[in-house]
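Asker: Sharing a structure with you now.
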């Protein structure tokens with residue numbers, strides 16, 4: 001099945017076809033399979049790459065942002081995310097995730113061999129805006145409450161020379177499914193002039 005999201009290039013899956021649709025308002029809705037995740041656990045647990053993201057090849061410079069809402073009940077570590085994927089050892093994601101304490105928060109994972117996993121801002125509302133930016137060889141993640149003023153989350157590199165796939169991900173490592181709704185999707189051709197000034 002092919003989905004067309006306004007303002008985005010043609011979309012494809014990274015790891016086999018997942019479950020995605022457009023709702024009546026034009027939002028992109030992803031439903032994860034049970035027990036799926038991406039992780040290269042730094043403590044040595046078995047890597048997990050069963051989740052699949054829906055997206056496109058990342059341009060040399062761009063920003064991609066979206067508002068994420070999780071539909072229905074939540075389980076630990078379930079999330080909607082913007083994700084980068086090159087191969088099983090080189091990928092990253094910025095997630096609107098449910099913590100073991102039942103707190104919703106922004107969580108980022110950057111993987112160059114092993115995963116560097118960081119809990120960031122707690123989210124009080126039912127939705128969160130997230131953004132990924134590419135600036136030449138580097139990447140940045142931001143989050144926002146309103147999609148206007150952006151909090152800097154982290155800056156990093158992926159140790160790859162080839163193409164990187166950027167897109168949308170739903171995961172449910174400990175649950176039967178996670179239904180993630182992505183709206184207010186925006187793709188820009190340039191990066192912010194300053195990654196840390198809220199723009």
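Any read-out appearing in this document is the output of simple, stated calculations on the displayed coordinates, not a laboratory observation. These numbers were taken from a predicted model, which means no experiment stands behind them. Please note: Cβ atoms are built from the backbone with ideal geometry, for glycine as well, and neighbour counts cover all protein chains shown.
Asker: Only Cα pairs under 8 Å and at least 6 apart count here; give the relative contact order of the stretch 81-175 as a rounded whole percent. Mind showing how you got there, number by number?
Answerer: On the way: 181 pairs, mean separation 26.3, N = 95.
Relative contact order for the stretch 81-175 comes out at 28 percent.
Asker: When only Cα pairs under 8 Å and 6 or more residues apart are kept, what is the percent relative contact order across the chain? Spell out each step's value before the answer.
Answerer: Values: 522 pairs, mean separation 60.6, N = 199.
Computed value for the chain: 30 percent relative contact order.
Asker: What shape does the chain take by its C-alpha gyration tensor, where a ≥ b ≥ c are the square roots of the eigenvalues and a/c under 1.5 counts as rounded, a/b above b/c as prolate, and the rest as oblate?
Answerer: Numbers: a/c = 1.16, a/b = 1.09, b/c = 1.07.
Judged from the Cα gyration tensor, the chain comes out rounded (a/c under 1.5).
Asker: Just want the ordering: 108, 76, from fewest to most Cβ atoms lying within 10 Å of their own Cβ. Before the final figure, lay out each step's value.
Answerer: Working: 108 22, 76 14.
So the ranking, lowest neighbour count to highest, is 76, 108.
Asker: For a footprinting-style exposure proxy, rank 70, 106 by other Cβ within 10 Å, fewest first.
Answerer: 70, 106
Asker: Right, next: Relative to the compact-globule scaling 2.2 N^0.38 Å, provide the ratio for the alpha-carbon radius of gyration of the stretch 43-82.
Answerer: Numbers: Rg = 14.2 Å, N = 40, 2.2 N^0.38 = 8.9 Å.
Its radius of gyration relative to the 2.2 N^0.38 Å reference: 1.59.
Asker: Can you pull the three principal axis extents for the Cα set of the stretch 132-173, in Å, largest first?
Answerer: 34, 29, 14
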